[in-house]
Structures are given as structure tokens and as C-alpha cells.
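Where a number appears in this text, it was derived from the coordinates with a stated rule and is not lab data. Worth saying up front: this structure is predicted, and the values here are computed from it rather than measured. Cβ sites come from the backbone with ideal geometry, for glycine too, and all protein chains shown count toward neighbours.
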Amino acid sequence: MTSLDFSTTIGSTWFPAPTFTASGCASSGRELAQFFPLREMGGIVTKSVMSKVRPGRPTPRMAETPSGMLNSIGLQGPGIDAFLAKDIPYLTEQKARIIVSIAGETVEEYSTLARKLRSVSGISAIEVNISCPNVENRGLVFACDPEASRRVIDGVRRTIGGELPIIAKLSPDVTDLVSIARGVVDAGADGLALINTVLGMVINIDTMRPQLGGKTGGLSGPAIRPIAVRAVYQVHAALPNTPILGMGGISSGRDALEMILAGASGVSIGTASFGNPKAIMSIQNELKQLLIDRGFTSLKQAIGYAHRAEAGSTQ
Amino acid sequence: MSQINKSAKQILAPVVSNKRVGQYHQIILNIGDLAAVCKPGNFVAISVGGDTSKMVLRRAFAISRVSNSSTFGGTMELIVAPHGQGSKWLCAQQEGVMIDIVAPLGTAFGIPTEPVPVLLVGGGYGSAPLFGLAEVLNARGCRVDMLLGASTASKIYAPMEGKRAVNSMRIYTEDGSMGQAGRVTDPIPEIIKDLDIAVIYSCGPMAMLSAITKISDQFGVVHQCAVEESMACGIGICMTCVLPVENEDGSISNLRSCIDGPVMDGSKVQWSQVGTQL
């Protein structure tokens, strides 16, 4: 039996496995707990929560596309107080490692949310979702604006202090992803989550109108995987010391390994769980085997391995 | 909160038979012990297209009936119309093929504790789960009457053996090609009065469920309806299949039809607000 150190670290936090849910694709864990023990994965990234109850966008909210899907949920959720009262105790009881994802409409809302999380025990990290595409006004997608991104992360960092790692979730729908990534890291992000969904649209040819109630939606699934691999590769090349949670269409151990080789310290699984509730468990097992097969003795050795200098290169 | 889908399992279930019945396919899967925990109203989420498929999402189908007594062990019957790519794939699967299923999912029809008269109303192939329900209600001692409706004869699903558990079955088609011409909701007020109906169970398109709710509210009859909303996961994690439903405190929330449904209290669903911004 070959031994493999499968653990990873995001900022100051250690995780026994590099496999996570993607925010918005696992609710707060109860639904998946019917299919596998939540403590067996690296951690759960909970659905992005806002200050108040939010009903989300009108239906239809979903359209399947080739090797993917569009969603237009619009951050439906119970609000931070109900989330902290009901979901955190449940997840703690399950011994799950918890990354809480937060979303706000203003810089102040993010800071308010961070303040509520500061004293909560049992949280491993905070994901700051500044890139949800399902908002009324595209101008509100902070991650499309380097300055707004910086201000959100700076506000959360000042509020939370130095204790909990902050992971900034970014959008691929930008011209220069590296400069936005650099900006949020300078403002205090310990890690990055790459990528959020890609803005898309389906038109129903019977009604001859956009299929989704919200008209546009976020594209996810294997259709966007090469975009995610490219994004992780580019950002890791520029910021090799910043841990990245890689996501976008990962459905197999092979896909997870690809993301690790591109530079991700961990992977999040989203749409694949819709098609297979036990996807995270099978991806985790396949990834372990693929690492062992390639002679790695630790996951960390494989992170960014695709960036190594070619044999004979002088670099 | 109680455990979600506590009986659900993901298994590979072999196709026992696949027969064409008019416009539909009757597909029987061997599901072993899971048959014992499936209740009328529950649904199954099925992976379609095989391992290399570009279809990444499961398809949800109402479980029309389960059986424990057959020579195959526990079986599940599905009535599937080959409409889209996923259902066409499923209808093309022959005996012996292994199907990846997650079941049983969602809420079930509530069975009255007393043997009260009940009315079952089905629209199109939505009627399929009502036959399994009729058997359970019949066993409870309820008088069961059934109305089936569709736009035209070919869209009516009414198997011969389905009549065994019902006291009467009336069929309505909008074009008059089968049974009586008209809408399936037309005779409901008369039937409620004549038979002293206590509960209406329904399954079918949203417009029909909404129309039945108007009538059931007017007569103060309980209306348990099985809703159909497009779903990505079927297990409660994607949040796409929501419907506006009134809470106990009078407020309205978008509830998941996969977890809080498919069987819902018709009088609580805010039919006029479906597809609008809350």
C-alpha cells in the first residue's frame, strides 16, 4: 500500500482532503448527508448567504445545455441569522469542515456578514462571493471591477482580523483576471476560488423569448472546464504562493487532477453533484489513485506541476 | 428539521421490461428492497444518456406503482412519454440494461385515517401515479372515483387493470376524441356534492392543478396535488424547482418542489405568482 499525504492547506487552515462542495451546489449539507458522511470530504462550502431572507429569481431557473446547464437562482437563502442558528450547529454536529460563503449588495453588507461570523466557532474559512452573475445589475458584480473587489475584501479583512482565512471567489467574465486576483490578494485575501459560472443565455424557440425567468444565467458543468483550467493556470503562474480552490465542470478524478496540476490547492465540485449525489466521494477516490499512479507521495507535490520547466530549459 | 429523503438510495436498477403502451412506455425496473419504502407520490431521479452523455442532469419521473410480489423481487413501474432527449433515451433501454436511479424522493400523498370518499384527477400522463395511489386508498376502505383528462385521446393514460381499484372512471378530452368532450375540471363541483368528497388528489399540468384548487377552496375540500417543475438535481441542492407557497405565518416563500413536494397542499400554493418575482 503506497502512502499518500492527501491533505491541503488554504491560508492557515489544514484540510485532510482537497475536495469541497462548490457554493450554491450543496445548500447547507443536509441533502447530501443522505448519500455520504459530510466529514469524509475536505469540506463543505455553504450556499452564499446574505444579510436578509432572499426569495431569489423567478422560475424557470434552469436550462440544460450541452455538457452543462444555466442557472438563475439569484442567491435565494434564509439570511445570515437563520443560517447561523440552524445550519452551522447541524454541520458542526456532522463534524464537517465548514467554509461559509457570503454575498452582499454593498461593501458594507459584506463587512456586516463578516462581523456576524467572527465569533462563530467551527468555521474553517470564509468565501467572499463577489462574482454571482445572477444579480439585476451587472454593475453590481464586484469581481468585474478591480477597485470594487479590493474594497470588499479590504472591508472583510478589517472586520474579521487575521484569524479566519478569506477566500475571494472571482468571475471568469473579465478582461484581465490576473490583475483582479492580484488586487484582492493585496487587499488581504488568503486564497482564491476560481471560477464562478460564466454568464450565458438560452432562447426558447417555441416562445421565442429567453428561457430563464432572469433572462441570463450562469453556465456551469463540463462545458466550462477548459475556461476554469486556463483561469487557474494563469493566476497560479502570477501568484504561485496564493492557494486556489479550483472549480468549473469537475466530474471525475481526472478533471480534479487536471485542476491541481494547473495550480489549484483544492477542488470544488458543483454541477456534478446534481447528476450524481456521490460525485465528490468518487472524485476523491479517483484523484487519490491517479496521484499514486503518477508517483506523487503528497497532493502538494502535484499542485501547479504543469508549470514546471521543460527538461533542458534554462528557466 | 427531520432528515431529508431518509429512505433514498442511489442504486443501479436493471430494466425488467419496457413496453410501449399507446403514446407512452411502461418501464419496469427491479429495485429490490427499495420498493418497500416507495410511497404513492414519490419520484425517482434517473441518470440518462450513459457515461459519455452530454446530458449532465438527472430526469425526474413520478413512480407510478411499486410491487413487492413479483418474481423479480421489488419492482418500480414508470410511465414515460418519449418527449425530450432524456426520456427518449430511457424509452430506448431494453431488458437487462442497468439504470442509475436515486429513489424514493420527495413527499408522498397523505392517506386519510378514515375511509372517506376521495376523488382522483389526472391530466395526460400525469395520471400514472394515481393508479398506485388508488390501490392504497382502496385498501384503506375509501370510495375512490377517478377523472382523467387530456387534450386528445392519444394523451390519456388509462390502463385496463387501473379500473380495478376505482369505483368509477370518467374520461374527458378537449377535442371529444375519447370519453366526454370538455375539461376534466368541469364535473368536479357536481361530484363533490353528490359523493361528499373529502379529499381531491391530483396530478398533471399546472393550469389543471390551479383550476382544481379554486374549486376545492370553494367547497372546503382538501386538495393534495403533485406538481411538476423542471429540476436539475431532484435532491434539494440546486434550488431550481421552486414554487411560491404560503407559510404558516402567512408569508410566502419559494419552496423546492423536490423536497417540500412534489405532493403539496394545493390551497397553499400561490398559483398566480408562479414565475413571478417574490
Per residue Cα convex hull volume for the protein assembly as shown, in cubic angstrom?
162
Apply the Karplus parameterisation 6.51 cos²θ - 1.76 cosθ + 1.60, with θ equal to phi minus 60°, to every residue of the stretch B:119-124 and state each ³J(HN,Hα) to the nearest whole Hz, in sequence, with x for glycine and proline.
10, 10, 10, x, x, x
Other chains' Cβ within 10 Å of B:8-14 residues: what's the mean?
2
How about the stretch B:1-99: which trypsin sites (Lys or Arg not before Pro) there lie in a loop by DSSP and see at most 14 other Cβ atoms within 10 Å?
B:6, B:54
I need the shape label for chain A. Rule: rounded when a/c is under 1.5, else prolate if a/b > b/c, else oblate, with a, b, c from the alpha carbon gyration tensor.
rounded
How much FRET efficiency would the formula 1/(1 + (r/R0)^6) give for residue A:311 and residue B:52, where r is the Cβ-Cβ distance and R0 is 45 Å, rounded to 0.05?
0.85
If the label point sits 7 Å along Cα→Cβ of residue B:33, residues of the stretch B:78-115 with amide N under 18 Å come out as B:101-105
Scattering profile of the stretch B:174-215 from the Debye formula, Cα beads only, expressed as log10 I(q)/I(0) at q = 0.17 Å⁻¹, is -0.53
Whole-Hz couplings from phi, Karplus 6.51/-1.76/1.60, listed for the stretch B:101-112; x for Gly and Pro:
10, 10, 6, x, 10, x, 7, 10, 5, x, 9, x
Rh by Kirkwood over Cα pairs, then Stokes-Einstein D for chain B at 1.306 mPa s and 10 °C, µm²/s:
83
Looking only at B:265, B:51, B:175, which one moves most when chain B is put into a Gaussian network model with springs between Cα atoms under 10 Å?
B:51
Is the shape of the stretch B:118-273 rounded, prolate or oblate, going by the alpha carbon gyration tensor and its root eigenvalues a ≥ b ≥ c, with a/c under 1.5 for rounded and a/b larger than b/c for prolate?
prolate
Quote the FRET efficiency, to the nearest 0.05, computed for residue B:194 versus residue B:164 with a Förster distance R0 of 22 Å and r equal to the Cβ-Cβ distance.
0.45
Classify the stretch B:54-206 from the C-alpha gyration tensor, please: rounded if a/c falls under 1.5, else prolate or oblate depending on whether a/b exceeds b/c.
oblate
Mean-position separation - Cα centroids, the stretch A:217-262 and the stretch A:139-162, in angstrom:
22
Unpartnered cysteines of the protein assembly as shown (Cβ-Cβ under 4.7 Å counts as a partner)?
A:25, A:132, A:144, B:38, B:91, B:142, B:203, B:225, B:241, B:258
Out of B:122, B:236, B:141, any idea which swings most in a Gaussian network model of chain B, alpha carbons joined below 10 Å?
B:141
Computed [θ] at 222 nm, helices only, for chain A once each DSSP H run of length n ≥ 4 contributes -39500 (n - 2.57):
-8500 deg cm²/dmol
Contour minus end-to-end for residue B:69 and residue B:95, with contour as 0.36 nm per residue of separation and end-to-end as the Cα-Cα distance?
7.4 nm
Cα convex hull volume per residue for the stretch A:184-284, in Å³, equals 122
Point-to-point label distance, residue B:218-residue B:139, nm (Cα→Cβ direction, 7 Å offset):
3.6
Pairs to check: B:88/B:155; A:47/A:86; B:54/B:155; B:39/B:163; A:116/A:278. Give those whose C-alpha atoms are more than 24 Å from each other in this structure.
B:54/B:155; A:116/A:278
Using the beta-carbon distance between residue A:81 and residue A:186 and R0 = 51 Å, what value does 1/(1 + (r/R0)^6) give for FRET efficiency, to the nearest 0.05?
0.95
Computed lengthening from residue A:178 to residue A:293, 0.36 nm per intervening residue step minus Cα-Cα distance:
38.1 nm
Taking every DSSP beta bridge that has both residues in the protein assembly as shown, what percent is antiparallel when rounded to the nearest 5?
50
Which ³J(HN,Hα) values in Hz, rounded to whole numbers, follow from the phi angles of the stretch A:63-72 under the Karplus curve 6.51 cos²θ - 1.76 cosθ + 1.60, where θ = phi - 60° and Gly and Pro get x?
9, 6, 10, x, 6, x, 7, 9, 10, 9
Only helices at least 15 Å long along their own axis, judged from Cα atoms, and with Kyte-Doolittle mean hydropathy of 1.0 or greater: name those in chain B from DSSP H.
B:128-139
Report the paramagnetic label zone for residue A:5: residues of the stretch A:282-303 whose backbone N is under 11 Å from a point 7 Å from Cα along the Cα-to-Cβ axis.
A:297-301
